[in-house]
1. Compute the acute angle (0 to 90°) between the alpha-carbon long axis of helix 208-221 and the principal axis of greatest extent of the alpha-carbon atoms of the chain; round to the nearest 10°.
2. Only Lys, Arg, Asp and Glu count, each charged at its Cβ (+1, +1, -1, -1), so figure out the dipole size of the chain about its Cα centre, rounded to 20 debye.
3. Taking the Cα centre of region 167-286 as origin, work out the dipole magnitude from +1 charges on Lys and Arg Cβ and -1 charges on Asp and Glu Cβ, in debye rounded to 20.
4. Could you check the spin-label model distance between R275 and H198? Points 7 Å from the Cα along Cα→Cβ, value in nm.
5. Enter the Cα centre distance for the pair region 269-339 and region 152-226, rounded to the nearest angstrom.
6. If packing is taken as the average count of other Cβ atoms within 10 Å, what order do 150-160, 226-236, 202-212 fall into, highest mean first?
7. Can you give the Rg to Rh ratio of region 86-343, both from alpha-carbon atoms, with Rh computed by the Kirkwood formula?
8. Subtract the Cα-Cα distance of K78 and M1 from 0.36 nm times their separation in residues, and report this length gain in nm to one decimal.
Amino acid sequence: MHYFLSPDAVIKLLERPSVYKIRTDELYELDVVSFEFLRQCGSETGCEGSDRIFLDYCLKEGILSMEKVSLRRPALIKAPEPSLRYLELQITKNCNLSCRHCYIGNQGKDQAKLGENNELSFEQIKAVFHEFEEMQGLRVLISGGEPLTHSQFNRINAILPNFFFRNILLTNGLLLTPRILSELNAHEIQISIDGLEHAHDSLRGNGTFRSAIGAARRALDAGFPVSVSTMVHRKNLKDFDGMEKLFKGLGIKDWTVDVPCITGRLKKNPEFHIRPEVGGKYLRYGYGEGLHAGAPGYACGTHLMAVAADGKTAKCSFYADSPVGSIEEGLRANWQRIKPVRLESLNCDCHFLSECRGGCRYRALLSGNELGKDFYRCHSYDILHSDE
């Protein structure tokens, strides 16, 4: 009997050979024997096996199928170390909202007047997809601005099924109509919801909360896994228990909570600034795995890089003002300029370090020392109030 690699399973040559289930977002590390076997299963002829326990496990997990699948599978090229697994791809700066806490800065018509480059071209995005796949990448986070406002979003959406990585659409939800959802090729949708109705609308505009919740319900009904991203601000501090109940009741997959960095428009909106001792404790909220994972022994962002709408690259979107290069040079060349930060190099000495991984390096930089403490994350662990 012949077995074939499932359509949404792909071999990845990361630090250790792995097989990645794209739709379920599961990564399985492989030993030499299982790697060679599954690589053969990914060929046109498939594979035959005698290890019944291993075969049954792969069939149960959806890694293998007994039906022949003819697909263009990506080349197996060893990933750099550390591997680039997660790519924040800001395809446009344009947005249908003008949120008071947005770190991107001027948007929409204001930027057009300034003559700025508002979006990546379709050809640039396609080239980035190809190179990220070649580098054995796992997830592309398609963001903006509002990505659905990209002038060629339909073309971008049409090519998504051609690539063997998970794609996640980051959106405010207002444009997620039933028609868009019926045609959308995303594996997951993340919607920004920054509090219950009053608090959310205070940042994003009247009526946006109900629109975002309606979009989440429509996406869930359409079969999409849906996650939520929330920023802590002064007007939503009493909403977190209510948000948790609401999101779990809706069936939200992941809830990510963060404190906005004081950059972009936040500099002009001090009423949304929160002290670490106040905002830090809200970082205890949230659940799920999040959109990008870390690595043991390293600080945040070990496997992450961001591409801005002007084609500049940075270690994450908060570092957009300190680019390391441009996509015209290739992702690999840019990635090699981003040096991972080891936990042992941080100026942190508490016993939570391996768990919190030092928090956000950009927030630490804003506090005066990129290798110093992220005081928001410290307060989330009550470190500054402990007996250490």
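What follows draws every value from the coordinates through simple rules; no lab data is involved. Just so it is clear, the structure is predicted and the values come from calculations on it, not from any experiment. All Cβ positions, glycine included, derive from the backbone under ideal geometry; neighbour counts span all protein chains shown.
1. 10 degrees
2. 960 debye
3. Its charge dipole is roughly 280 debye.
4. 2.3 nm
5. Cα centroid to Cα centroid, the span is 21 Å.
6. The most tightly packed comes first, giving 226-236, 202-212, 150-160.
7. Rg/Rh: 0.94.
8. Residue separation times 0.36 nm, minus the Cα-Cα distance, leaves 24.6 nm.
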